[in-house]
Ligand code: A2R
């Protein structure tokens, strides 16, 4: 199996490269010209806003499967830069789908990586959310990802293309940017332990409930969906058990090596926060046998150790 991973310099890309290579896939990866990928595979420079460049790369690599990871993936950035978010996540996805549609090789499978945020403002009692639940996005990032998924369905039906849509719920682990909550808490703890900041944790809304999966489990799901996912289908990828941000905070603090106070920071509250998002993960389990295996505690511990190591060097 030969994979082309588009947008592989981000958080998930490196993990996906290693997961696919461990399964003996041939892997090609792309990144932007200002990014670097330190993995053992051919790396190509690609901006998905340049459609002709995607087409040229598809002819050069001739992959069996394209993993489309490239995105403006931060909710908070999406409030600040809505046009940029829509351009990359919507126009960029159209460019990828058009390039695949026009490619010489006719049987390229595409995995479009969307988000659990797409469900948005959900009706009471809707959790766990099955893939047939209506989408009602609550922020700009979520709206662009819902649009990406709709485009995937349209291309799949209209052109009989082999496209699998993924709605990935929150994922975390070592090396994640501290724009995301688990990494943010762990970074703060590591800095406090090192004496680089006051022993006060700055936090946002602690009551929101989210479903967290370790990134190493997530990329295993992506491999299995590449192998066994049904064409034209949508799959939730998540643990299937939401926890409060308070629980994440308590878990992270339980690993801290010093006493830390907690302070609510208005700057960390989002413009719109949805109380609970939790997926039904029976579809992916039925079609691929996948379910999350790595505990939340392990993810938090490994992420904290990663920040401690970074601050040592
Ligand atoms: O925004 P940057 O400079 O960090 O670069 C991101 C890159 N990217 C692009 N690649 C090609 N053409 C573009 N026009 C373009 N704009 C941004 O895509 C970054 O290196 C990569 C996405 O990685 P992350 O933002 O770290 O996302 P992550 O966590 O790896 O998630 C992968 C996918 C995304 O579609 C998420 O929305 C979804 O999973 O949950």
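Contact map, the range 136-159: first residue within 18 Å of residue 122 (Cβ to Cβ) and in the same structural domain as residue 122 (by TED's automatic domain parsing), second residue at pLDDT 95 or above and assigned to a strand (DSSP E or B), Cβ cut-off under 6 Å, separation 6 or more or different chains; pairs are 145/114; 145/115; 149/114; 149/165.
Kindly establish whether residue 80 is assigned by TED's automatic domain parsing to the domain that holds residue 11 and free of Cβ contacts under 8 Å to residues at least 12 places away in the same chain. So residue 80 fits the description; yes. Just to verify a result, which residue in the range 1-29, among those that are within 13 Å of the ligand (Cβ to nearest atom) and not in a helix (DSSP H, G or I), is surrounded by the most Cβ atoms within 10 Å (Cβ to Cβ)? Checking each candidate, the answer is 5. Among the residues of this structure, residue 91 counts as one that is within 14 Å of the ligand (Cβ to nearest atom), at pLDDT 95 or above and assigned to a helix (DSSP H, G or I). Note on the range 112-126: residues that are touching a helix residue (DSSP H, G or I) at 6+ places or on another chain (Cβ under 6 Å) and within 13 Å of the ligand (Cβ to nearest atom) amount to 5. Just a yes or no: is a residue in the range 30-51 part of a helix (DSSP H, G or I), more than 10 Å from the ligand (Cβ to nearest atom), more than 18 Å from residue 227 (Cα to Cα) and assigned by TED's automatic domain parsing to the domain that holds residue 115? Yes, some residue in the range 30-51 is part of a helix (DSSP H, G or I), more than 10 Å from the ligand (Cβ to nearest atom), more than 18 Å from residue 227 (Cα to Cα) and assigned by TED's automatic domain parsing to the domain that holds residue 115. Looking only at residues in the range 52-61 that are away from the ligand (no atom under 14 Å from the Cβ) and surrounded by 16 or more Cβ atoms within 10 Å (Cβ to Cβ), the one that is farthest from residue 5 (Cα to Cα) is 55. Summed over the range 62-77, the residues that are more than 10 Å from the ligand (Cβ to nearest atom), over 17 Å from residue 95 (Cα atoms) and not in a loop (DSSP other than H, G, I, E, B) give a count of 1.
Residue 82 falls short of the stated requirement of being over 22 Å from residue 171 (Cα atoms), more than 9 Å from the ligand (Cβ to nearest atom) and either at pLDDT below 95 or touching a strand residue (DSSP E or B) at 6+ places or on another chain (Cβ under 8 Å) (or both).
The values are calculated or read from the model by the stated rules, or taken from the named source; none is laboratory data. Please read all numbers here as calculations on a predicted model, not as lab measurements. Neighbour counts are summed over all protein chains in view; Cβ atoms, including those assigned to glycine, are modelled from backbone coordinates with ideal geometry.
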